[in-house]
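Visitor: If you scroll down you'll find the structure; I have some questions about it.
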Amino acid sequence: MIKILIVHGPNLDLLGDREPTVYGTDTLENINALLQKEAGKNNIELKIFQSNSEGDIVNFLGDNRKWAEGIIINPAAYTHTSVAIRDAIKALNIPTVEVHLSNIYAREEFRQKSLIAPVAIATISGFGKQSYVLALYGLLNLIKGQKNE
Ligand code: DQA
């Protein structure tokens with residue numbers, strides 16, 4: 001079993017209703033179900049967490065540092081502001097993929113800067129819910145490769 005954390009940041013609990021032209025019509029439950037389905041096919045165990053508060057995300061990452069082999073995080077608005085989440089990812093030293101539903105580089109200027117990107121192994125931005133699925137397969141490949149070294 002490969003153990004991966006999925007972390008969803010603020011306002012992602014509102015998906016489905018939230019700006020559907022930008023973020024799509026899937027709810028967070030739909031996205032999580034899709035990820036669980038892919039995980040099931042690939043011997044991956046997921047722990048999924050959503051929070052609207054920065055401290056809770058930092059605590060969740062720290063609390064799972066001995067468990068997780070990989071992290072997929074959509075830090076949402078904290079992407080652009082959170083030194084605390086960036087420092088937590090750096091401190092954990094666990095391969096982390098940053099994901100976004102929308103292409104943050106094609107949006108407002110304030111979204112075009114990510115504090116998380118420099119501490120992530122990769123960023124996937126703009127494929128909607130498939131951003132998460134691509135991150136899962138990328139991370140799976142990377143972790144399997146590391147285990148076979
Ligand atoms: C987002 C992009 C962020 O700029 C925004 O604050 C979000 C969602 C995305 O998935 O496209 O809440 O991370």
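Visitor: Where only protein heavy atoms count, and the probe is 1.4 Å, what is the accessible area per residue for segment 2-147 in Å²?
Guide: Per-residue value: 48 Å².
Visitor: For VAL7, VAL83, give the ranking by accessible area with the largest first, probe 1.4 Å.
Guide: The ranking, largest first, comes out as VAL83, VAL7.
Visitor: Using the 2.2 N^0.38 Å rule of thumb for compact globular proteins, work out how segment 42-93 stacks up: its C-alpha Rg over that value, please.
Guide: Output field value: 1.13.
Visitor: For the chain, what size does the Cα cloud have along each of its three principal axes, sorted from largest down, in whole Å?
Guide: On the principal axes, the chain reaches 42, 31, 25 Å in Cα extent.
Visitor: Ordering PHE110, PHE49 from largest to smallest accessible area (1.4 angstrom probe), what's the sequence?
Guide: PHE110, PHE49
Visitor: If you stretched the chain out fully between ARG107 and GLU29, how much longer would it get, using 0.36 nm times the residue separation minus the C-alpha to C-alpha distance?
Guide: 25.5 nm
The values are calculated or read from the model by the stated rules, or taken from the named source; none is laboratory data. Small disclaimer: the values here were computed from a predicted structure and weren't measured. Note: accessible area is taken over every heavy atom of the protein model, side chains too, but ligands, DNA and RNA are not part of it. Shrake-Rupley method; radii C 1.70, N 1.55, O 1.52, S 1.80 Å.
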